[in-house]
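Engineer: This is the structure I want to talk about, given as structure tokens.
Computed from the coordinates by the stated procedures, all read-outs in this text should not be read as laboratory data. None of the values given here were measured: they were computed from a predicted structure. As a convention, Cβ positions derive from the backbone with ideal geometry for all residues, glycine included, and neighbour counts pool all protein chains shown.
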Amino acid sequence: MNRALGLGFLAFLVSIPFWIGDQYLLHILINAGIFVIGAMSLNLLLGYTGQLSLGHVAFFGIGAYTSALLSLGFDVTTFWGGELVVGPQPVWLSFLAGIVLAGLAGWFIGRISFKVRGAYFVIITISFAEVTKLVALNWVDLTEGPMALISIPPFSVSIPGIWEATFYGKTPNYYIMLAIGVVSYIVIKRLVNSRLGRAMVALRENEPLAMSVGIDVTRYLVLAAVVSAAIAGAAGGLYTHYVRIVDPDVFLFIYTVTMVIMVITGGKGTLAGPIVGGIIFGVLPEILREFMGPEAQWVTYGAVMIAIVMFLPEGIVPALTRFWERRKESRDASDRMITGRAASSATETPSE
Amino acid sequence: MLAIEGLSCRYNKITAVKGVSLEVKEGELVTLIGANGAGKTTTLRALSGLVRDLDGRIVFEGEDITGAPPRDIIARGIAHCPEGRRVFPYMTVEENLEMGAYLRQTGNGINSDMERVYEQFPVLKERRKQAAGTLSGGEQQMLAIGRALMSRPKLILFDEPSLGLAPNIVQKTFGIISEICRQGTTVLMVEQNAYGALGMCHRSYLLESGEVVLTGTGSDMLDNPHVREAYLGG
């Protein structure tokens, strides 16, 4: 049932460019998709291990800058005096390097914050994001600072000497976004449904108990941080080669907050949650723009958010799942009544 | 089977356990009694590797396990049934039991072990798809015991199994623990309920302010004037 729903939704997403001709709408969808990938990666940490990373844009930005710099090529004076010159690399290689470097940053953050939890983890991640932002802003030799890196090459594929395609258009970029999103989803799904995922949930629910059954808490926190950061880095690389310009604003705190909102409203700790939340909050501002002024847009955005948090505190996906199950249960119950079988009450209320 | 020699543990500058030595022989049911803050729980936590700042030696089956990480200790056959919130509340009963077998890499025998736990606690089988947090206190305790059994331990450490349970459930829990011991698993149990603990154990140690002040068989301890005075209400 769930699988059919998922595949149906995927088919719907694949079909979109065939019937949406409006390039601007496609652009909105690609942007929303990039955020959804970021939110999915954040959900791995926030939803499954219970650690709130408020510096998630750092990984996104590291992926974006790494991929941009390698594909453009750069030369920079190193700390020990020599000069490092790197020529332009193929986009796919730069993109992979961005993922790897973001993953390494995740490992680093996971390691140094392995002893701290809760508020302290939040502070470390915020600081980390601020530091990366300052580096991007001030290391002008490398990053061009506020002047931004421009003319970044878009994604391309080629069979050397025979055939080459460079993806400037919205439609191919939409499909690249979709492909990266699907791969990220599958990676996260396989991880959380495995033994490792069970361990992560156990340490979220009761860390001392998780340790007492023999779970190496540090190892799993670090693993979650690495995978989460690498996927955020992929989202960053995707952004870079789509928008083709990257400046220190990719490190803005508001982007992290947006991802957190998507995860929380959609339902943290569920696979579909960040996708649902991401689509709602990625597309909502554009829908609102159709029929209200900018001030009213943000007020509505805020009101929707508060309403969801107030009435569906666990998020949209868990609420829908429960609604669905309850309907099914009551339907089953009424079926039993009709057939006249004694409804054996399976729903004994647990004592205490 | 298990020998602790001169164990001391500190939390920052406070020494919670001061030179405790004790021994548990194979097949025994040994209890550790004492008031709040006597160092009972700390001793257990040190045993299972959850307290790291310690002096002294812990020897299990002839091997020094002092300072080993928790997963190594569980892999050697010591299961810990901690006090307080004992289950993963949002996981189902079945998933909680699976967590107990977490360190067993292969799936070999996990299902048959689970069946054995269900045989012992039929109520868990009835509720196996239910979130553990919705069980009653007594059922949660049974689940915690079942989970500890899932790692196929040679020695189980119980930390305050009676805490927060209704008196009749406490009796039942003690009965289950005695039964586990009779079936061949060695037990070391920490308990504040001195009367119950002394009545069921082979031997016992009394801890006061981090030191062992008295040791003997359960019945000897029950007759001891100091124990009667301080722990059994005269």
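Engineer: Would you be able to say whether some residue in region B:110-117 is out of contact with any strand residue (DSSP E or B) (no Cβ under 6 Å at 6 or more places or on another chain), in contact (Cβ under 8 Å) with a residue 24 or more places away in the chain, within 11 Å of chain A (Cβ to nearest Cβ) and crowded, with 20+ Cβ neighbours inside 10 Å?
Structural biologist: Scanning region B:110-117 turns up no residue that is out of contact with any strand residue (DSSP E or B) (no Cβ under 6 Å at 6 or more places or on another chain), in contact (Cβ under 8 Å) with a residue 24 or more places away in the chain, within 11 Å of chain A (Cβ to nearest Cβ) and crowded, with 20+ Cβ neighbours inside 10 Å.
Engineer: Take A:SER151 and decide whether it is over 24 Å from the mean Cα position of the chain (by Cα), in a strand (DSSP E or B) and farther than 24 Å from A:ILE254 by Cα.
Structural biologist: Against the criterion (over 24 Å from the mean Cα position of the chain (by Cα), in a strand (DSSP E or B) and farther than 24 Å from A:ILE254 by Cα), A:SER151 does not qualify.
Engineer: In addition: Which of the residues belonging to region B:135-168 are more than 10 Å from every other protein chain (Cβ to nearest Cβ) and part of a helix (DSSP H, G or I)?
Structural biologist: B:GLN141, B:MET142, B:LEU143, B:ILE145, B:GLY146, B:LEU149, B:PRO167, B:ASN168
Engineer: Can I ask one more? Filter the helices (runs of 4 or more DSSP H) completely within region A:155-217 down to those with at least 1 residues that are in contact with a Leu (Cβ under 7 Å, 6 or more places away or on another chain) and more than 14 Å from chain B (Cβ to nearest Cβ).
Structural biologist: Answer list for region A:155-217: A:170-192.
Engineer: Across region B:84-97, which residue is nearest to the other protein chains (Cβ to nearest Cβ) among those that are within 19 Å of the chain's Cα centre (by Cα) and buried (at least 18 other Cβ atoms within 10 Å of the Cβ)?
Structural biologist: Top of the filtered list is B:PHE88.
Yes or no, residue by residue, for (1) facing another protein chain (nearest Cβ under 10 Å); (2) crowded, with 16+ Cβ neighbours inside 10 Å; (3) assigned to a strand (DSSP E or B); (4) out of contact with any Cys (no Cβ under 9 Å at 6 or more places or on another chain):
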residue	(1), (2), (3), (4)
B:LEU22	no, yes, yes, yes
B:GLY27	no, no, no, no
B:ASN36	no, no, no, yes
B:THR42	no, yes, no, no
B:ILE74	yes, yes, no, yes
B:ALA79	yes, yes, yes, yes
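Engineer: Within region A:255-269, does at least one residue satisfy the condition of being touching a Pro at 6+ places or on another chain (Cβ under 8 Å), of a type in the set (Gly, Ala, Ser), within 30 Å of A:TRP92 (Cα to Cα) and in contact (Cβ under 8 Å) with a residue 40 or more places away in the chain?
Structural biologist: no
Engineer: For region A:218-240: of the residues being in contact with a strand residue (DSSP E or B) (Cβ under 9 Å, 6 or more places away or on another chain) and not aromatic (Phe, Trp, Tyr), which is nearest to the other protein chains (Cβ to nearest Cβ)?
Structural biologist: That would be A:GLY236.
Engineer: Moving on. Would you check if A:ILE254 is surrounded by fewer than 20 Cβ atoms within 10 Å (Cβ to Cβ), part of a helix (DSSP H, G or I), more than 14 Å from chain B (Cβ to nearest Cβ) and not polar (S, T, N, Q)?
Structural biologist: yes
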